[in-house]
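Okay, so here's the structure we're looking at.
Nothing in this text is a laboratory measurement; each read-out follows from the coordinates by a stated rule. All figures in this text were calculated on a predicted structure; none of them were measured in a lab. Cβ coordinates were reconstructed from backbone atoms using ideal geometry, including for glycine residues, and neighbour counts include every protein chain displayed.
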Amino acid sequence: MVVGSLCVDLHLPQSTSLKAKRAEIRPILDGVRHRFRISAAEVDHQDTWQRSALGFAVVSSSAAQVEGVLDDVERYVWSRPGVEVLDATRAWIEED
């Protein structure tokens, strides 16, 4: 079993309130959940208007498959208009 996680730190320059921020974040999270069938959540900066950290998790029997899904998710987030990616980090857990 292989577990991979991706944390993407975002800047939302056009957000002027928490409501506006959530209106920008929700389509990203819902799109990833629907398109890739993986876990997704806002994991940090919940009370900051123009910052967010999104976390994604994938479980598979193959590291190559996990890496491919995380690559696709990262490309999806980078392609979203009005969102600037500040950082993206990955973590892995492998069990024999």
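Brief remarks on what is shown
- Charged neighbours of residue 51, selected by a Cβ distance under 9 Å, balance to -1 (K, R count +1; D, E count -1).
- In plain terms, the bigger the Kirkwood radius, the slower the diffusion; for segment 56-96, with that radius from Cα pairs, at 20 °C and 1.002 mPa s, Stokes-Einstein puts D at 185 µm²/s.
- In degrees, nearest ten, helix 18-36 long axis to first principal axis of the chain (Cα): 20 degrees
- Relative contact order (percent, whole number), segment 7-65, Cα cutoff 8 Å, 6+ residue spacing: 43 percent
- Based on alpha carbons, the Rg and Dmax found for segment 15-60 are 11.3, 39 Å.
- Value of Rg/Rh across the chain [Cα atoms, Kirkwood radius]: 1.00
- Summary of the geometry: segment 26-89 and segment 1-25, compared by the centres of their Cα atoms, lie 8 Å apart.
- Structure-based [θ]222 nm, the chain - -39500 (n - 2.57) summed over DSSP H runs of at least 4, per residue, nearest 500: -12500 deg cm²/dmol
- Dipole moment magnitude, nearest 20 debye, segment 2-94 about Cα centre, only Lys, Arg, Asp, Glu C-beta charged: 400 debye
- Pairwise FRET efficiency - residue 3 versus residue 46, Cβ, R0 = 22 Å, nearest 0.05: 0.40
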